[in-house]
Amino acid sequence: MGSPKFEVRELSAWFGGKRVLHGINLGIAAHQATAVIGPSGCGKSTFIRCLNRMHELVPSAHSEGEVRLDGVDVYERGIDPVLLRRRVGMVFQKPNPFPSMSVRENVLAGLRLTGTMPNGREGRDQHAVERALSQAALWDEVKDRLDDPGVSLSGGQQQRLCIARALAVNPDVLLMDEPCSALDPIASAKIEDLIHSLKQSYTIVVVTHSMQQAARVSDLTAFFLSGSLIEFDSTDRIFTSPKDSRTEDYITGKFG
Amino acid sequence: MIKPHTDREYENELNKLRERLLRMAGRVEQMIADSVKALVEQDVQLARRTIEADRVVDRAEVETDELCLVILAKRQPVASDLRFITLSLKMVTDLERIGDLAVNICERAIDLGQDPPLKPWVDVPRMAAIVQGMVRDAIDAFVAGDVQRAQSVVDRDQSLDDLYTRVFRDLLSTMLNDGSKVERGIHAQSVAKWLERMGDHATNLAEQVVFMVKGKDIRHVAKPDDA
């Protein structure tokens, strides 16, 4: 597998006094898609939000333990969370393009916010926009509509626009929190297809409620339950013969 | 210990599949017994009835396959459910083949009709009893998820092969000594061969049960229990 992109050690997280993650240990392989599955409230979203320090943005939330990105603990003193989030981008459940911005401005928004915008020079802008939209498999559909509002696109296109926005800043890792739950099957299939091609350049972590989606898109699957990591293995293994009976019960639909 | 699926309709479909397989296996087991009984007791009527019963087994194969496809399409089963469905698809094929072999024996029983046997049937009924036991235990192991019992079926196949070798040698020497016995000898040898083949199918069933329970493929492995 090579050295992991992320090495998570004894990671625990709280909202106020409520502990939502219990000592997670997990390595996330580079250039692989890792799926995180589990029932609502199992801590899977909190887990990925700890990877780019978004968890701490919630008032009263905190975490303990180590999250090493290429060997460096992202919780070390001196790590700038803003720069971290540039390396570890995120796509959310509902497409959230900036409503007042055009398609083009949406793609460039991340670059502007992080101050890495190539000085608004027309040619370089154009290059960055085309590259990000192409990687997000959206370029052909929107190349003639770059100045239309981002929110004028369809839901599936908006989600790919958000992926393009995340890719524009050149991250190492893309975290996706239920990226298809608001999309129709065709738009979902496009995102899933995209995940396969993005693995070449990025490390992908995708949280999903859809077990079938996890089975389709990921190389590795982590199953969370009540804030604990129950099982982590190759996706092929998890979906054909998981070792833990709790994983088995969850993926075969035997709950409660 | 065994939890039902939250979706009860899905649970019902899986139960229906399980019941169909059991019924089919029960029919096949009966066919093995009846075919050899028809042969030994020279009961042509029983042979004909048994051939007739094979149609039900053939139909069960088709219906079970259909049910498996519907479940695969609608439910996208995973893990033990997936192993159960794929196992079912294979099991019906083995069961159906055993039924066909029993039909072959019945046809020989009809051909031989009232001809006196070369000598009293001894090893062939013994082989039939072993095969029947193997099929029954493979199915019981399947129902109970009992790996040990499934393994015992795999182990018993050797005794069946040994019996077949003995029958073959006996018949060969009988035929060499008396050319007039060749035709009946060949029929008898075929019957023994088919029973031996049934044993191979029963072994397949048992190996599939081990896979269903443990998620571990023991086919074509020298020593199966290195888990």
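Remarks
- Of all residues in the stretch B:1-47, exactly one satisfies the criterion of being crowded, with 20+ Cβ neighbours inside 10 Å and hydroxyl-bearing (Ser, Thr, Tyr), namely B:Ser35.
- Number of positions in the stretch B:147-158 that are without any contact (Cβ under 8 Å) to a residue 12 or more places away in the chain and not polar (S, T, N, Q): 1
- Residue check, A:Ser181 away from chain B (no Cβ under 11 Å) and in contact with a His (Cβ under 9 Å, 6 or more places away or on another chain): yes
- Of the residues making up the stretch A:139-188, those that are over 17 Å from the mean Cα position of the chain (by Cα), closer than 20 Å to A:Leu113 by Cα and aliphatic (A, V, I, L, M) are A:Leu146, A:Val151.
- Restricting the first member to the stretch B:1-24 and to residues that are within 9 Å of another protein chain (Cβ to nearest Cβ) and over 18 Å from B:Leu69 (Cβ atoms), and the second to residues that are surrounded by 13 or more Cβ atoms within 10 Å (Cβ to Cβ) and among the hydrophobic types (A, V, I, L, M, F, W, C), the beta-carbon pairs closer than 8 Å and six or more apart or on different chains are B:His5/B:Leu14.
- Residues (under 18 Å from A:Gly27 (Cα atoms) and either within 11 Å of another protein chain (Cβ to nearest Cβ) or not hydroxyl-bearing (Ser, Thr, Tyr) (or both)) located in the stretch A:226-243: A:Gly227, A:Leu229, A:Ile230, A:Glu231, A:Phe232, A:Asp233, A:Thr235, A:Asp236, A:Arg237, A:Ile238
- The single residue among B:Ala47, B:Ala38, B:Ala79, B:Ala73 that is at positive phi and over 15 Å from the mean Cα position of the chain (by Cα) turns out to be B:Ala79.
- Test: A:Glu192 is touching a helix residue (DSSP H, G or I) at 6+ places or on another chain (Cβ under 6 Å), more than 14 Å from every other protein chain (Cβ to nearest Cβ) and under 30 Å from B:Asp217 (Cβ atoms): yes
- Scope the stretch B:159-182; condition among the β-branched types (Val, Ile, Thr), surrounded by fewer than 18 Cβ atoms within 10 Å (Cβ to Cβ) and touching a residue at least 24 places away in the same chain (Cβ under 8 Å); matching residues: B:Thr174
- Failed criterion for B:Ser88 (all others in (1) under 30 Å from A:Gln212 (Cα atoms); (2) without any contact (Cβ under 8 Å) to a residue 40 or more places away in the chain hold): (2)
- Residue within the stretch A:238-249 that is outside any loop (DSSP other than H, G, I, E, B) and under 15 Å from A:Ala33 (Cβ atoms) present: yes
- Any hit, the stretch B:183-195, residues being touching a residue at least 40 places away in the same chain (Cβ under 8 Å) and within 14 Å of chain A (Cβ to nearest Cβ): no
- A:Arg165 being among the basic types (Lys, Arg) and at the interface with another protein chain (Cβ under 10 Å from one of its Cβ atoms): no
- Contacts under 9 angstrom Cβ, first residue in the stretch B:63-81 being within 12 Å of chain A (Cβ to nearest Cβ) and over 20 Å from B:Gln208 (Cα atoms), partner of a type in the set (Gly, Ala, Ser) and outside any helix (DSSP H, G or I), 6 or more apart: B:Arg75/A:Gly253
- Listed by position, the helices (runs of 4 or more DSSP H) contained in the stretch A:26-122 that have at least 1 residues being in contact with a strand residue (DSSP E or B) (Cβ under 9 Å, 6 or more places away or on another chain), among the acidic types (Asp, Glu) and surrounded by fewer than 20 Cβ atoms within 10 Å (Cβ to Cβ) form an empty set.
- Checking A:Ser210, A:Ser245 one by one, the residue that is of a type in the set (Gly, Ala, Ser), under 24 Å from B:Ile2 (Cα atoms) and in contact with a strand residue (DSSP E or B) (Cβ under 9 Å, 6 or more places away or on another chain) is A:Ser210 and no other.
- Where A:Arg145 falls short, out of the listed (1) touching a residue at least 60 places away in the same chain (Cβ under 8 Å); (2) in a loop (DSSP other than H, G, I, E, B): (1)
- Residue in the stretch B:92-100 that is surrounded by fewer than 20 Cβ atoms within 10 Å (Cβ to Cβ), touching a residue at least 24 places away in the same chain (Cβ under 8 Å) and within 27 Å of B:Leu171 (Cβ to Cβ) present: yes
- In the stretch A:1-26, the residues that are over 16 Å from A:Cys42 (Cβ atoms) and charged (D, E, K, R) reach residues that are modelled with pLDDT of 95 or more and outside any strand (DSSP E or B) with C-beta atoms within less than 6 angstrom, at least six apart or across chains, in these pairs: A:Lys5/A:Ala30.
The values are calculated or read from the model by the stated rules, or taken from the named source; none is laboratory data. Note that the structure is a prediction, hence the values are computed from the model and not measured. Quick reminder, even Gly has a Cβ in these numbers, built from the backbone with ideal geometry, and neighbours come from all protein chains shown.
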